[in-house]
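Every number in this text was worked out from the coordinates using simple rules, so none of it is lab data. Values in this document were obtained by computation on a predicted structure and should not be read as measured data. FYI the Cβ positions are ideal-geometry reconstructions off the backbone, even for glycines, and counts take in every protein chain you see.
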Amino acid sequence: MIKIVFIGIAAVFLILLLKNAKPEFALLLSLCTCVVMMLGCVGVLAGVIDRLQELFSYAKLPGGYFSLLLKILGITYLADFGSSLCKDAGQTAIAAQIDLAGRLVVISISLPVILAVFEELVRMI
Amino acid sequence: MLLGVCMTIQLIFRIAAVGILVSVINQILKHSGREEHAFLVSLAGLLLVLLWIVPYIAELFSIIRELFEL
């Protein structure tokens, strides 16, 4: 954990140094820092996902729902990663497009689940 | 895993070093009047840094894909 914080702070100073001289290098540096920090905490993420898998197995839900949740989690993370990077670079329009694309993909994935819920409701009434 | 504690900080410092070097060289080239060389040098620096970063990005995306079953 400390390693990640130190990497972040060191990178912020270097980015400030490079900001006015070479803005593109500042962006590259921030991209590289995000990637490195995420690689740092991926191990912890894998552990959390395995625990959640066990938790979900107790619920005896049909198998597809947990992997659907994971997929949606991954898509929102990637969309947020891309859009915040574009916002850093000042391109808010592109960031908004990436957000929109992320939402569309999430909706398209979760539609079958919504339909299943409604069918269940109709059958109950 | 490409990742090690010293690997990551060293990578970040290398990128910052290339950035500073390129900006210094650009200043020198600008003052000596050769504008297009300055642009070429900054382009080369950019490509070099991209060359270093791409394997890390590829590894991150493959890990994310395999972890979230995307």
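Here is how the numbers come out for the structure above:
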| item | result |
| --- | --- |
| At most 12 other Cβ within 10 Å, DSSP loop - trypsin sites (Lys or Arg not before Pro), segment A:21-91 | A:Lys60 |
| Folded to 0 to 90 degrees: helix B:5-31 orientation relative to chain B principal axis, Cα | 20 |
| Chain A - Debye-derived log10 I(q)/I(0), Cα point model, q = 0.13, 0.22 Å⁻¹ | -0.74, -1.25 |
| Shape of segment A:1-40, Cα gyration tensor, a/c cut at 1.5 | oblate |
| Proxy reagent accessibility, fewest Cβ within 10 Å first, across A:Thr92, A:Thr76 | A:Thr92, A:Thr76 |
| Span-like helix ranges in chain A, DSSP H, alpha carbon extent 20 angstrom or more, Kyte mean at least 1.6 | A:2-19, A:23-40 |
| For the protein assembly as shown, with +1 on Lys and Arg beta carbons and -1 on Asp and Glu, the positive-most of A:Tyr65, B:Val49, B:Leu70 along the dipole | B:Val49 |
| Gain upon complete extension [B:Phe39, B:Glu66; 0.36 nm per residue less C-alpha separation] | 5.8 nm |
| Average partner coverage of A:23-30, which counts Cβ from other chains inside 10 Å | 5 |
| Relative contact order [Cα under 8 Å, 6+ residues apart], chain A, whole percent | 17 |
| Taking only Cα atoms of chain B, radius of gyration then Dmax in Å | 16.5, 55 |
| Candidate aspartates and glutamates for bridging to A:Lys22, where Cα separation is under 17 Å - those fewer than 8 sequence places away on the same chain excluded | A:Asp88, B:Glu35, B:Glu36 |
| Mean-position separation - Cα centroids, chain B and segment A:10-85, in angstrom | 20 |
| Candidate lysines for bridging to A:Lys71, where Cα separation is under 28 Å - those fewer than 8 sequence places away on the same chain excluded | A:Lys60, A:Lys87 |
| Relative contact order, percent, segment A:1-40 [alpha-carbon distance under 8 Å, six or more residues apart] | 44 |
